[in-house]
Each structure stands twice: as C-alpha cells, then as structure tokens.
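See structure below.
Values in this text are rule-based calculations from the coordinates and carry no lab data. Predicted, not measured: the structure shown is a model, and the values here were computed from it. Here the Cβ is made from the backbone with ideal geometry for all residues, glycine too, and neighbour counts use every protein chain on show.
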C-alpha cells in the first residue's frame, strides 16, 4: 500500500511538471496538463476531443457559455467538440455541464454519489470540476462541471477555458490562444469556493469620445452586440455586476435586448450612484419638468414606477436616493428630511410594483460626495439597504463602518475609481493605478467588513485591463492577497497573457510604468512638475521612462509575432506614450529656462517639443489604424495634452515654447544646476557614525530602510513594495484595530541618523494621501527623537478642499514636525503607530532652513553607514 502511494505521488509530480503554462491569475491551481495517464481525463488527446452534454432545460446563459467553451476548445486544439443531445449518445469520454437543481443529469450524478450535492447546495456562485468514473453505460470517464446556481456553472465553464489557455482578454486586448494538442484534466475536486464579496463589478463611465466612438463604429452603438462582449468579459473574470454606460446612453431603451441578454448571462444590473430605480440619467427629458422632488414629485414618482415595472424579475440591485440633475448636489446645505422622504417614497414604489416587501428587492444607497455628509449627520438608512461607501474619486476611501458598528442586514459596499471627470483635474487617458494602492485600500475596506458590493469606475474599459482584472480577482477572495505576493500577480498576469515569454521582464515593466504614472496623473503634468535644476530630478524621470521604453521595444522585437498586438495594447503603448508625454513637458520646461537665460539651446528644445507632440499623435494613430487591422479605431482618442483647468481641452494643445535670436557670439551651453552629485565623506575621526548621515543640510530616508521595527501582539509593520513615488510604503497590519496608545512597548519604526549640526530640525514625513475614514478628528501617528516624548501628529489636521486637492494631485501628503537636537552625533528617529492605514513612504529631515531644495519627489536618499 505504501509503495502504491509513493508511486501515485510520483506520477502526480510528473503531471504537475507538464501543466499548461497559462493559468488564471487568481487561481494558482493548474488542473489541466499536457500528459495522458490512466487517472486523468482526456479532454483532447491523439487527435480526438471529448463530446459535451448538458440538459437543454438548464439556464440559457449556461447553454450560451457552453458554446463559448466549444469555441475556445477549437481555438486551442483545432478540434470542435460534438454537443450531444442524449447521454446515451456519449462514447468513452464526455464533459457533463449543469446546474444542481436545474439539470436532471447533474441531479442524477448527485443521487448516485458521483458528485457531492452538499458541496453545492445553498452556495453562492460555487462550482466543482471533477472526474466521474463510469457514470453511465458506455462512458469510461466524465468530466463534470457542476454549479450551485447559474453563475456558479458559468464560472466553472470559463474556468476550464482559462485553464486550457484562453485569456479573459482574448477579444478586448487580442491576447492570442496558444495551440495545444494534448489537454488532460487531473483528478480531484477543483473549485474556488464561494466569493468573499457578493457583488463584484465595473462601471463604464466617461465613455466619450473614446469608447463611444469605437462602439458606434464597430457595433452601431451601446447595443446588445456591444454588451455581449462586456458581459462575457466580466464573467470570464468571475465578476457579476455592471453599471452600464450612462452619459447620453440609455441601457434599457437603446436596445431592449440589452436587459434580456444581461438576464440570460446572469449579470446583475445596476445604475450609477445618481440614477434611482433603474432609470438612466439620459431618460429624464425637459418634457418631464424639473428634476426636483419638492416641486415635481408626481412626475418623478411615475418616472420611477415605470423603471421598476420595466425591471420585472430581472436580477438587479436598485439604486435609491437622489442627487441633483447631472450628478450635482441636490440642495444647498444638508437635506436629510427631504432625502429620507424620497427614499421612503421609492421603497413604497418598489413594494407596490413588485408586489412584495421592499426589503426583498436588493437595494443600494451610495454615500457619494455630499450624501455622506447627510449620513454622518444622522440620516437614517433602512437596514436591508446596502450602504455603498465611496472613495474620493482618486482612490482614497472616504468612509468605512466603525469597528463597533451594529451589523447591517444590507451590509456595505465600496465604489472605487480608476477614471474620473472632476476636480482637481479629469483623468481618463491612460492607466495610472497601482495595484499596490488598490490592494492597500480595498484590504482596508474588507477588514472593516465591506463585503457586499465592490464596484470600480473603469472609464472606457481600455486601457484599464490590468487593474480591472486585479480588482475583480481580489474581490473574489481578498484574503488571498497580501503585500508580499503582489509581485506574483504581475508575474502571473504577464505569463497568462504573453505565453510565458519574457515573463519577469514584462512584470517589471507593468510594475514600474504604473508606479511612474501614479506619481502624477498625465493630465496634471506641466512644465513645473519636476525640477529641471535640483537633484537632477527631471532628467532622472526621463531616463527612468526611457529605460522602460527601451526594454519594452526590445521585448516587442523578440516576441512571437502573434503576441505583438496584445503587447502594444497592454504594455508598449502605455509605456511609450507615458514616456513621451513626460519628456514633452520636461523639454518645454528646459526651453523656457534656456530662453530666459538667452541660451541658444532653447531653440533645440523648442524643436524637440514639436517632435514629441507629433510622436504622441503617431502613437495614437498606429493604435487606431494599424493595430489589429484597425480594430481599435477611436479607443485612445481621449485628449490629454494642454489642460488649463479641471475640464479636458477639446483637442490636444502643444505646449507654448520660446525661441531666441542667435547672435554670432551666442553659446549653446547648459546651465541647469545639478545638485544631486554630492559625495558624502566621513573622515577618520568619525568612526562611530551610524545610520543615515546629514549632508547639505538634510537627511533623506526611504521608509522601508528602517534600522529596527518593533511590532506588537496586535499589529506588525508591513512593507508594501513599490507603493511609493520613489520606492515603497510601510504601514501596520491588520487594519481593523482601535487606536493604539503610545507606551514604551508601542509598535514603532526606528531610523538611525547622524547629525553634524544641532538645534531645530524639521521632519517632513511623506504619506500616501489617506483620508480620515472613521469618526474623530483624523488619523494620527507619533514621532520623536531618542527618548523625547513623542509628538502626536494628525495626518488629516487640514481637511480643507484646497489641502485635499493638493494631496491627491501630488499623490502624497507631507506632514511636518519640529524637534530640538541638543548635540551632534548619532540619534534615533522614532515613528510610533497610533492609527492604522497610514502609509509612510519617505522621511526628509531638514537640518538647515532652506537647504532642502524644491523638487516634486523630494531629495534622493542620503548616504547610510551601517
């Protein structure tokens, strides 16, 4: 018996070596291999493919998605499986697909004990995929994909598609399918269990001119042909929820088949935070009168009734509440009584039309912008309604439940943003979202019990492919993600979408281009962003981007040709376009500086600006006209150069440059001062120097480079790699803790430093721009040198609109404390944990007033003596 076990284990190891290289990013378990064995199920082998059977009385969406699996198998193997109508027609090997309780054959397999019904009964969106031996006469093996409900079965089908190498992005990013002639499924029960977040979705928004131009050219509009592709994409990533395109768009009216198709697929529909009772904003015309419940309630009530009637029994989360016309505040001041009355009226409508209690229809109320103020001041929300909490439109969560809050039947959700139109500046053009920041904020939300709805505003869908999949993967099981394994996500995603070519290199490019773009949104860039004089900052920014561009171009040259279209969309274009735009503004800044100096080189930079501006249009033109034979025309047409206020310009505008008259005696000289090349020297009499050493009037430290981290039983200091404008971030985890009172045993970070001067010093702590998401005056930390009593600092002491706008534009919040250093030599800077969710990225100690030069990223890290 023992030798048999060892033999089986050895065989299993050999199978694992032969795993398909394409695996779903959320699911490290690879159960499709390329080698045959007696234990495996031969899905495709020796030129033959297993047939497929499912009950034709199963859900329409299951039948439709089974067709997608058949197409996927054909793409991979060049063999199309036969869909048999009776199980008696099956021979030897068959794939059986169905939903427990809906499919007779799945029910029969459960009755026989071939599958475990208890593993599926009453579960939410769960599937199991397993081999059944001799399930029916004439069948040697069946591969059984069984779901607890419609979406569970659909996820099981798409999971197999992904296991055989079909990316969710095969259509939306032209990711090719790798041909394979042998596909075998390993024994065992393959399942991802139930999702930890119940509703997981995306919001298509701000869709003109890019997505709308593309959709009208390719599909004739936002119709069921368009949404068929959207629904499929969401389900392949195991999402289940959609807010459809809304600006000028009417999902239910433009094509009545839209809602029918969503219901067939099992997509839960909703409407955005300011579109109550399933009615699109664009449906309210002037003929309806004023969008005002005080003066026009009858028209609004009828409008909303019609929306619920139209909804019927289709799976929907109904938006309740109300904002002003055009997503504006409804009134001046706080209109709690009015809003509560509106919601009471809306719930009466829901009950009247559905003929069942209102609480039996899922509802959500978005605490968006000023509506959160109403809630904070006591607005009552029915217990069954999901409270949709929101970020600040810039990826910083505004509100979370209190840790001691009473449990709500409706629970809580989060509305998050990858794209936004509004102040301090629109950002719509390109991906600027770091998955490290998304993880940090959404992990925070999950730890505070937000697990009913996660929805993210994705703008035009493209070019947000990478962070969209991360968001939905994380929503399925937030507990699988941590600060240490985020790097693995980049690697897995690169491997999945580029056929295991240059995986580590592509992962590194994805990680760094999003880091660089997150420093400042492209729409906020201008000639003053990076210093062209101090710390060699601007030149280093250009060099960093150019290195990425060179790496991306080199990979593109070597990639298998069929992957080049996908690589352009997912990697090459965002890198080249972002690099070019940063260089454009820096070249403009240099033109201005040298023109003021009367330096002839100004004219060269003026010409360079023209070339770079033209390059931007050429990159976009290639995307629209050459890439994938013109498939993506219009999709990158969002303007992004020449902003002068929060709203986008009508067209890209070349930055203004200056030219100077060149006299015979004029010199082409560069006079920008480079202050970064300061060598730190320590003479023979300072052998006791420890830590970061003062030089040029400051000490600069990346937060992860602490000398000592003191943890406690309750919390641990956690470095979040890459989450920082210049390096990483560090925070305490877990996040769902009460404030910590400072003591000698307090969790803290210690940084050894050495001063050559004494007197007053300023410590500037660079934090991620986290918002105070709980009751109280703000999130706090302690700071002090050596044994001095720590100063208590408040990250949110200045909560003005101006301070917020500055911190999100800069993607950093700098808090300054002042300390007295009584003697030169070695000292220890201590940062004490008080509140969770503060992420410190960098620390700059100014020892001489005015010596820290102006720059966007802060001075580079100081010399450190161990």
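Rounded to whole Å and sorted largest first, what semi-axes of the equivalent ellipsoid does the C-alpha gyration tensor of the stretch 199-483 yield via the square root of 5 times each eigenvalue?
26, 24, 19
What FRET efficiency would be calculated for the residue pair residue 38, residue 352, taking the C-beta separation as r and a Förster radius of 56 Å, to the nearest 0.05? Before the final figure, lay out each step's value.
On the way: r = 62 Å, r/R0 = 1.11.
Step by step, r from the Cβ atoms, then E = 0.35.
Per residue and in cubic angstrom, what volume does the convex hull of the Cα atoms of the stretch 142-184 have?
For the stretch 142-184, the hull spanned by Cα atoms encloses 70 Å³ per residue.
What percent antiparallel are the DSSP beta bridges of the stretch 328-418, to the nearest 5?
10 percent
Sorting 44, 177, 65 on the 10 Å Cβ count, fewest up front, what's the list?
Numbers: 44 22, 177 19, 65 28.
With the fewest neighbours first, 44, 177, 65 line up as 177, 44, 65.
If I model a spin label as a point 7 Å beyond the Cα along the Cα-Cβ vector, how far apart are those points for residue 86 and residue 189 in nm?
Rounded to a tenth, the inter-label distance reads 3.3 nm.
Apply 1/(1 + (r/R0)^6) to the Cβ-Cβ distance of residue 124 and residue 543, taking R0 = 51 Å, and write down the FRET efficiency to the nearest 0.05.
In this case the efficiency is close to 0.55.
Cα centroid distance between the stretch 521-547 and the stretch 707-770, in Å?
A separation of 28 Å, based on Cα centres.
Testing the spin-label approximation: label points 7 Å from Cα along Cα→Cβ at residue 338 and residue 286. State their distance in nm.
2.4 nm
If I take all pairs of Cα atoms in the stretch 503-630, what percentage of them are more than 20 Å from each other?
Values: 3920 of 8128 pairs.
Above the 20 Å cut-off, the stretch 503-630 has 48 percent of its Cα pairs.
Once you place label points 7 Å from the Cα toward the Cβ at residue 854 and residue 29, how far apart are they in nm?
Each label point is offset 7 Å from its Cα along the Cβ direction, giving 5.8 nm.
Roughly how many whole Å is it from the C-alpha centroid of the stretch 822-866 to that of the stretch 616-661?
Result: 40 Å between the Cα centres.
Once you have a ≥ b ≥ c as the square roots of the Cα gyration tensor eigenvalues for the stretch 122-247, tell me rounded if a/c is under 1.5, and otherwise prolate or oblate according to whether a/b is larger than b/c.
The shape class here is prolate.
Rounded to the nearest 10 degrees, what's the angle between the helix 210-219 long axis and the longest principal axis of the chain, both from Cα atoms, 0 to 90?
The angle comes out at about 30 degrees.
Per DSSP H run of at least 4 residues, take -39500 (n - 2.57); add these up for the chain, divide by its residues and hand me the 222 nm value, nearest 500 deg cm²/dmol.
Using -39500 (n - 2.57) per qualifying helix, the result is -10000 deg cm²/dmol.
Tally the DSSP beta bridges in the chain and give the antiparallel ones as a percent, rounded to 5.
On the way: 68 of 110 bridges.
About 60 percent, rounded to the nearest 5.
What ranking do 93, 692 get, fewest neighbouring Cβ atoms within 10 angstrom at the top?
Working: 93 19, 692 25.
Placing the least packed residue first, the sequence is 93, 692.
Students often get this wrong: which residues of the stretch 181-195 have the backbone nitrogen under 18 Å from the point 7 angstrom along Cα-to-C-beta of residue 46?
Zone members listed by number: 181-185.
In what sequence, highest mean first, do 361-373, 451-463, 641-653 appear when ranked by Cβ atoms within 10 angstrom?
Those peptides, ordered most packed to least, come out 451-463, 361-373, 641-653.
Using alpha carbon centroids, what distance separates the stretch 427-480 and the stretch 256-282, in Å?
22 Å
How far is helix 465-476 tilted off the main Cα axis of the chain, in degrees rounded to 10, range 0 to 90?
Roughly 70 degrees, rounded to the nearest 10.
Tell me, in nm to one decimal, what length is gained between residue 305 and residue 57 on full extension, where the rule is 0.36 nm per residue of separation less the Cα-Cα distance?
Working: separation 248, 0.36 × 248 = 89.28 nm, distance 3.31 nm.
Full extension of this stretch gives 86.0 nm more.
What is the angle, in °, between the Cα long axis of helix 2-17 and the longest principal axis of the Cα atoms in the chain? Nearest 10 is fine, range 0 to 90.
Around 60 degrees separate the two axes.
For the stretch 684-865, just the Cα set please: Rg and Dmax, both in angstrom.
When restricted to the Cα atoms of the stretch 684-865, Rg and Dmax are 15.9, 54 Å.
Listing 437, 151, 249 from the residue with the fewest other Cβ atoms within 10 Å to the one with the most, what is the order?
Listed from fewest to most nearby Cβ atoms, that is 249, 437, 151.
Give me the percent relative contact order of the chain, please, defined on Cα pairs under 8 angstrom at least 6 residues apart.
Values: 1700 pairs, mean separation 88.0, N = 866.
Value for the chain: 10 percent.
Extent of the stretch 254-392 along each principal axis, from alpha carbon coordinates, in Å, largest to smallest?
Answer, in whole Å and largest first: 43, 35, 31 Å.
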